[in-house]
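The values are calculated or read from the model by the stated rules, or taken from the named source; none is laboratory data. Since we're looking at a predicted model, the values are computed, not measured. Cβ atoms come from the backbone with ideal geometry, glycine included; neighbour counts cover every protein chain shown.
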Amino acid sequence: METGKTGKYFKYAIGEIVLVVIGILIALQINNWNENRKQNLLEADYYCRLLEDLEQDLALYNGLISQTKERLVASNQAVRLLQQKDVKKIEIGKQIWLAGKAIYIDFKPNESSFEDLKSSNLNIIKDKKIIKALNTYYNSIESIKSIAMINGKNAVDRGFSHENSFANGDTQASMLYGRFKEGLDKDVFDAIVIDTTEHISNSMQKRLYNDALFYASSNIRQLELYNKARDYAESMITLLTPKCHQSND
């Protein structure tokens with residue numbers, strides 16, 4: 001102060017303060033950039049994980065569709081046989097068995113990534129249309145699954161309503177083509193006599209004719225439901241694919 005250098009010291013101090021502030025601002029900016037980068041990487045990772053889950057779902061639905069088409073072929077063949085005279089038990093039993101095989105099945109979409117996302121923070125996904133679409137997808141699949149299982153159970157109950165499985169050819173078909181052939185001990189299997197030339201009665205033919213049409217109707221309905229599930233999955237895959245690919249570029 002005695003030498004008149006106060007102004008220079010003030011300028012120097014202000015310069016130091018400005019440099020410190022700039023340094024702090026730069027550090028904050030770098031920290032924010034790092035945090036944003038981490039969030040973007042996490043968001044990108046979720047897009048790809050969700051896409052992978054949806055692709056697994058699509059494979060599941062395609063498998064269910066393929067099985068249902070096979071059952072529908074058997075349903076049509078059963079109806080075709082029952083429109084004829086002198087239907088053999090072994091022949092109609094096989095087709096009816098194939099028409100209802102695995103029609104009552106519990107299936108579940110892969111929700112692991114979505115559940116993990118919900119437990120973490122849905123705000124990780126910045127595109128809120130994706131969150132809305134995911135919620136719609138999983139709710140829709142749950143509804144489809146519920147209807148499909150009721151439809152399948154009704155078909156299974158129809159088959160179990162027969163009191164005499166020898167009269168409708170079910171046992172004969174199971175002996176030669178199904179569960180009995182694989183599961184019974186040889187001595188038990190050999191002790192059961194199966195007449196492969198025996199025909200069903202007229203009354204049983206009428207009943208099985210209704211059953212076969214019921215199975216056809218049930219499988220047509222299952223096919224509609226599984227196709228709808230597949231369409232939902234394909235729509236979600238179309239939505240998520242560019243998001244995942246963009247994050248990997």
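Values as computed for the structure displayed
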| item | result |
| --- | --- |
| Checklist (1) under 17 Å from A78 (Cβ atoms); (2) out of contact with any Gly (no Cβ under 7 Å at 6 or more places or on another chain) applied to A229, failing item | (1) |
| Contacts under 9 angstrom Cβ, first residue in the range 54-80 being more than 25 Å from E142 (Cβ to Cβ), partner at pLDDT below 95 and not in a helix (DSSP H, G or I), 6 or more apart | E70/K101; A74/K101 |
| Complete set of residues in the range 155-196 that are more than 18 Å from Q95 (Cα to Cα) and under 31 Å from the mean Cα position of the chain (by Cα) | E182, G183 |
| E142 vs. criteria more than 25 Å from the chain's Cα centre (by Cα) and free of Cβ contacts under 8 Å to residues at least 40 places away in the same chain | no |
| When residues of the range 119-138 are limited to those that are within 19 Å of the chain's Cα centre (by Cα) and surrounded by 11 or more Cβ atoms within 10 Å (Cβ to Cβ), the one nearest to K228 (Cα to Cα) | Y137 |
| Flag if V193 is without any contact (Cβ under 8 Å) to a residue 24 or more places away in the chain and not in a helix (DSSP H, G or I) | yes |
| Any chance A102 is within 30 Å of A216 (Cβ to Cβ), in contact (Cβ under 8 Å) with a residue 24 or more places away in the chain, surrounded by fewer than 18 Cβ atoms within 10 Å (Cβ to Cβ) and among the small types (G, A, S) | yes |
| Number of positions in the range 143-169 that are of a type in the set (S, T, N, Q) and farther than 28 Å from H199 by Cα | 3 |
| Counted residues, the range 199-227 - those being farther than 13 Å from A99 by Cα, buried (at least 17 other Cβ atoms within 10 Å of the Cβ) and polar (S, T, N, Q) | 1 |
